[in-house]
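So the structure is just underneath, and the comments pick up after that.
Coordinate-derived values only; no laboratory data. Here the structure is a predicted model, which means the values were calculated and not measured. Here Cβ is always computed from backbone atoms with ideal geometry, including for glycine, and neighbour counts include all displayed protein chains.
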Amino acid sequence: MNSKLIKLCFLSGLILALLLTSACSPSQQPAPEVKNDPKPEITTSEVVLYFADAQAEYLVPEPRKVTMQKDDSLAEAVVKGLIAGPQNLKFGTTIPASTRLLSVKIKDNIAYCDFSEEIKTEHWGGSTGETMTIFSIVNSLTELPEIKQVQILITGEKQDSLAGHLDISQPIARDEELIKAE
């Protein structure tokens, strides 16, 4: 009987050893892939943005570093900088902050800037306010060498005007007379 007990203990120990070694051995399944999404490529450029002076009579230049994500163009970064507003507290905002830039496309030296409807519906109005908004966009974008004129679109459509005073149905050229050096 003693030999049966020894055999049983030996067999139990062997089974236990097999179970322990198979539980601790590395899995036969491949480890899950860890995907490292590359960080978006961010670049910065120095540009000149134009904002309203304290009296909203002239546009004043504000040199600025703008950042661009991998898929953004410099023109898009310029317009987004205008929407964000001036960093210099002496300058005035020219585009309603709720405005979204839908796209900027450049063709034949014309930048086609498509804005959300807030550029019109949230605009403070007046001929001076409209002039500051339009030429803030136009003069800032025409600082870029590939842009000579700007066509302002609202939700993909040409409009007669932004606030009822200036014609924006055609591309608009830069207006140097509105610029006042600070």
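Please list, ordered by chain and number, the residues whose modelled amide H lies under 5 Å from the amide H of residue 112; skip anything fewer than 5 residues away on the same chain.
105, 106, 107, 151
Along the charge dipole of segment 43-178, Cβ charges K/R +1 and D/E -1, which of 119, 48, 131 sits furthest on the positive end?
Going by the Cα projections, it comes out as 48.
Work through the residues other than residue 170 whose Cβ is under 12 Å from its Cβ and net out their charges, Lys, Arg +1 and Asp, Glu -1.
Summing Lys/Arg as +1 and Asp/Glu as -1 gives -1.
Pull up all non-local amide H partners of residue 49: gap of 5 or more, or a different chain, and H-to-H distance under 5 Å with H placed in the peptide plane.
Here the answer is 62, 64, since their amide H atoms fall under 5 Å of that of residue 49.
Amide H neighbours of residue 154 under 5 Å, counting only residues 5+ apart in sequence or on other chains, H built in-plane at 1.01 Å?
Here the answer is 115, 159, since their amide H atoms fall under 5 Å of that of residue 154.
Quick one: Cα centre-to-centre distance for segment 107-125 and segment 52-74, in angstrom?
15 Å
Just grab the label-to-label distance for residue 161 and residue 117, each label 7 Å out from Cα along the Cβ direction, in nm (one decimal).
2.0 nm
Just the Cα atoms of segment 43-178: what Rg and Dmax do they give in Å?
13.4, 38
On a 28 Å Cα-Cα criterion, which of the cross-link pairs 80/120; 65/158; 65/148; 120/148 come out too long?
Working: 80/120 17 Å; 65/158 30 Å; 65/148 22 Å; 120/148 24 Å.
As for pairs spanning more than 28 Å Cα to Cα, those are 65/158.
Once phi is turned into ³J(HN,Hα) by the Karplus curve 6.51 cos²θ - 1.76 cosθ + 1.60 with θ = phi - 60°, what whole-Hz value does each residue of segment 90-96 show in order, with x for glycine and proline?
Using θ = phi - 60°, the values come out as 7, 9, x, 5, 10, 10, x Hz.
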